[in-house]
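Undergrad: Below you will find the structure I want to go over with you.
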Amino acid sequence: METMERTVIAAIDAGKVAAAQAASTFLTAHGEGPCGFAWCTAHVKGSTKMGRMLLKNGFDKAYGGGLSIWNPSDNMTQSIDAKEQGAYAFALVMREKLGIDITMGSRMD
């Protein structure tokens, strides 16, 4: 496994840990809220080296372009607020560790 792939995997793992902690902390402090979904979209083409590595490690092609990962916190809550906190934390880690353009999105159910 090459160094860049290890870096991408480590960033995704660190992002998921941060997302899980953020969602859990929010739920402990505020409890359940309205139902919804949250995700992150990496504004990267799937045909690039970075894009291929993200696709190989949990991302999918996003409807509006780029690559997305849904509910990066893996928290089973239905609370949109907790999922948003997790997705935001994930995006911050990915920006910091990989320097990619990644945003958080959400919608109510």
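Undergrad: Out of Glu84, Glu96, which single residue is modelled with pLDDT of 95 or more and touching a strand residue (DSSP E or B) at 6+ places or on another chain (Cβ under 6 Å)?
TA: Going through Glu84, Glu96 in turn, just one is modelled with pLDDT of 95 or more and touching a strand residue (DSSP E or B) at 6+ places or on another chain (Cβ under 6 Å): Glu84.
Undergrad: Let me ask another. Kindly indicate which of Ala82, Ala91, Ala22 is touching a Cys at 6+ places or on another chain (Cβ under 7 Å) and either under 18 Å from Asp109 (Cβ atoms) or open to solvent by less than 30 Å² (accessible area, probe 1.4 Å) (or both).
TA: Selected residue: Ala91, the only one of Ala82, Ala91, Ala22 that is touching a Cys at 6+ places or on another chain (Cβ under 7 Å) and either under 18 Å from Asp109 (Cβ atoms) or open to solvent by less than 30 Å² (accessible area, probe 1.4 Å) (or both).
Undergrad: To continue, here is another question. Name the residue, out of Lys49, Lys56, Lys61, Lys45, that is open to solvent by 90 Å² or more (accessible area, probe 1.4 Å) and in contact with a helix residue (DSSP H, G or I) (Cβ under 6 Å, 6 or more places away or on another chain).
TA: Lys45
Undergrad: Would you pick out the residues in region 68-79 that are open to solvent by 90 Å² or more (accessible area, probe 1.4 Å) and either touching a strand residue (DSSP E or B) at 6+ places or on another chain (Cβ under 8 Å) or aliphatic (A, V, I, L, M) (or both)?
TA: Trp70, Met76, Gln78
Undergrad: Okay, next question. Name the residues in region 94-109 that are surrounded by 14 or more Cβ atoms within 10 Å (Cβ to Cβ) and either in a strand (DSSP E or B) or among the aromatic types (Phe, Trp, Tyr) (or both), would you?
TA: Selection gives Ile102, Thr103, Met104, Gly105, Ser106.
The values are calculated or read from the model by the stated rules, or taken from the named source; none is laboratory data. Since the model is a prediction, treat every value here as computed from it, not as a measurement. With ideal geometry, Cβ positions are generated from the backbone for all residues, glycine too; neighbour counts draw on all protein chains shown. Side chains included, ligands, DNA and RNA excluded: accessible areas come from the protein's heavy atoms. Shrake-Rupley method; radii C 1.70, N 1.55, O 1.52, S 1.80 Å.
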